[in-house]
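Coordinate-derived values only; no laboratory data. Keep in mind it's a predicted model, so treat the numbers as computed, not measured. Cβ atoms come from the backbone with ideal geometry, glycine included; neighbour counts cover every protein chain shown.
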Amino acid sequence: MTEATTYTAVDRYIDEKLAPHDDALGACVRASAEAGLRPIAVTPSQGKLLHLLALSVCATRILEIGTLGGYSAIWLARALPAGGRLVTLDVDPKAAEVARANVDRAGVGDRVEIRLGLAMGSLDALAREGAGPFDLVFIDANKDDSLPYFERALAMSRPGTLLVVDNVVRAGRILDAASTDPDIVGLRRLFDWLATEPRVDVTAFQTVGEKHHDGMIIARVR
Ligand code: DHB
Ligand code: MG
């Protein structure tokens, strides 16, 4: 086995043992693929991690930036108590439609609001409406705007809020200070800003496996 094959096999082992799909999660993956959405949702064990983080902070209000087919939304929403709320943002009407059906099928439709539109506009609207404070925020949309998304999410946080950012390593491309790729530029801007931001305790970790070599930032508001 190559290293990459081993990483993927171990991911499958962990997924099957500790983050197995029920019918609704399996149907979510199938419906998302059938609708032509890109297969870039978090893995089962990453979904389970988001679920555990939400449980750990006893989240009742969750914000997600980047809905896609609603796969991570299902994991997150299933950590919410009755009356809890997940607001998830996406610009793609097709994704929003598929996600709506997926979260409804998973039995968490009553807890999930899907907002269609550019995330920046939706975030500003949420702020104007006095939304939050959110207990957990998962940022998993276009990477070039990672910093403005983080700043807006932080403004709707409270001490103890967790902010998680997906895809911050990009197979090591994060190291390329000379990159002109807007995603890398945006992610490096976020790292630079976080390095001196006094309002959060923060780290990042690398991930390997089904989603290849990537990573997440995790921050806790002071
Ligand atoms: C991409 C985006 C994601 O959110 C992800 O988890 C994997 C890949 C991408 O744009 O390539
Ligand atoms: Mg992602």
Using a Cα-Cα cut-off of under 25 Å, which lysines could be cross-linked to LYS17, ignoring same-chain neighbours fewer than 8 residues away? LYS48, LYS211
Relative contact order (%) - criterion: Cα under 8 Å, at least six apart; region: segment 114-222: 29
A student applying the Cα gyration tensor rule (rounded when a/c is under 1.5; otherwise prolate if a/b is larger than b/c, oblate if not) would label the chain rounded
Listed with the fewest Cβ neighbours within 10 Å leading, ILE174, ILE62 appear as ILE174, ILE62
Expressed in whole Å with the largest first, what are the equivalent ellipsoid semi-axes of segment 1-119 derived from the C-alpha gyration tensor as the square root of 5 times each eigenvalue? 24, 18, 12
Determine the percent antiparallel among the DSSP beta bridges restricted to the chain, to the nearest 5. 40
